[in-house]
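Please treat every number below as a calculation from the coordinates, not as lab data. What you see is a predicted model; the values in this text were computed from it and never measured. Reconstructed Cβ throughout: ideal geometry from the backbone, glycine too, with neighbour counts over all protein chains shown.
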Amino acid sequence: MTNTQVFHVDPHHPDPAAIATVAQALAAGRLVAFPTETVYGLGANALDATAVARIFAAKQRPTTDPLIVHLADATQLARVAFDIPPVAPRLADRFWPGPLTLVLRRAPHVPPNVSAGRDTVAVRVPAHPVAHALLSACDLPIAAPSANLFSRPSPTTAQHVLDDLAGRVDIVLDGGTTTIGLESTVIDLTQTPPVLLRPGGVGVEALRMVLSDLRVPDAPLVTDAAEAAAAPGSQLKHYAPHAPLFLLRGDARTAVQFIHTVVSALHARGLRVGVLIPDEEFPDYTDLRAELVGLGPAHDLAMIGRYLFARLREVDSLGVNAILVRGVAEDNGGGLGPAIRDRLFRAAEGRVLDAADPTTALQQLLRLIDATTK
């Protein structure tokens, strides 16, 4: 086991001495968890195949799931990619630093294990001051997926990182809670027209102001575990708590009735249920024998997104046997609605129940519960 060091830094003005020490560790091939504006990343020198392999080992991540390479600024793109299309600098000017990842042609000197053996590479420039200071100090491209055990909810605090990876990584750079809380949007620029591979912190409406021909799939991209994925986070099971999570489709009134029915049925079996709901719906569940955790105000998708993974971890920590959550409504222009729905769909491993058909939905849920508790 590794003795994990923790460096606490001001998120806005990180201590240069601490940053220099951590940058030296990265250059020496060590693993460093650090904050970005999206989630905490688990970083290693992207040009060092051995260091990159340590990321997969620490996270227990399949090598078919590619990593995102982080740069200090857009001028470094040519260090990791080639045959860069003209639209890439335009997107960089508009969205970098920020939560947008571009899939480009991988430069030959970038190790194949960064990209699951594919000839592409996913790249972004993060906006977080700590991440920027670290990238500038080490002057290296840093490969960094989320700093958690594979398939679990992503970490938005240093404590989340330690909960999953203490003893598995060398250093955790604690820069406080991340501000967006959802991973970056991923666009594949090696296809014509460009394709949205993962919704995230930059919405489609904003992207189409630069990429008018962006193709947006009708359903979440799901990659088989044995297949080399085009983008991280595309497997069906991802961001998942330990307890089985069920995503409910239906309006608030329908959900209230269905959730009461489900909780009663599971309580009769001696099972504890966690329920994730918007804050203003708590009065509808005061009589419920369940663990209630608030997602935030229903109208504030930025708030829900920022704390979504933390809430998933919180409800899981309460010792529940099942978790129910109602999907969020369409966003109001901020663009986070699709990203939140994508994360919940994968956290539920595709288990979506129609609360408007309660009899069928309850039967489905009970069958799934029986299968997961055997």
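For the reader, a short list of remarks on this structure follows.
- Where GluC sites (Glu not before Pro) fall in DSSP loop in segment 285-371, at most 14 other Cβ within 10 Å: Glu330
- Positive-end residue, segment 207-327 charge dipole about Cα centroid, Cβ charges, pick of Leu318, Val256, Leu207: Leu318
- Arg249 long-range amide H proximity, modeled H, under 5 Å: Leu353, Asp354, Ala355
- Computed from the Cβ-Cβ distance with R0 of 30 Å, the FRET efficiency linking Thr261 to Ala219 stands at 0.60.
- Pairwise FRET efficiency - Ser212 versus Leu149, Cβ, R0 = 30 Å, nearest 0.05: 0.15
- Label point at Asp93 placed 7 Å out along Cα→Cβ; residues across segment 47-83 whose backbone nitrogen lies under 18 Å: 73-78
- Charged side chains reduced to their Cβ positions (Lys and Arg at +1, Asp and Glu at -1) give segment 204-312 a dipole of some 320 debye around its Cα centre.
- Dipole magnitude (debye, nearest 20) for segment 245-373, charges at Cβ of Lys, Arg, Asp, Glu: 420
- Taking the C-alpha atoms only, the angle from helix 337-347 to the longest principal axis of the chain is near 80 degrees.
- Separation between Cα centres of segment 46-88 and segment 134-172, rounded to whole Å: 15
- When you count the other C-beta atoms within 10 angstrom of each residue and take the mean per peptide, 144-150, 62-68, 180-186 line up highest first as 180-186, 144-150, 62-68.
- Magnitude of the charge dipole, the chain, Cβ model with Lys/Arg +1 and Asp/Glu -1, debye to 20: 800
- Computed [θ] at 222 nm, deg cm²/dmol, the chain (DSSP H ≥ 4; -39,500 (n - 2.57); rounded to nearest 500): -9500 deg cm²/dmol
- Percent antiparallel among DSSP beta bridges (both partners in the chain, rounded to 5): 40
- Simple rule: put +1 on each Lys or Arg Cβ and -1 on each Asp or Glu Cβ in the chain, find the dipole, and look at Ile142, Gln76, Val110; the Cα lying farthest toward the positive end is Val110.
- Cα→Cβ-extended label distance, 7 Å offset, between Ala371 and Ala226, nm: 1.9
- Which labelled figure in [x] 1.22; [y] 0.96; [z] 0.98 is Rg/Rh (Cα atoms, Kirkwood Rh), once derived from the coordinates: [z]
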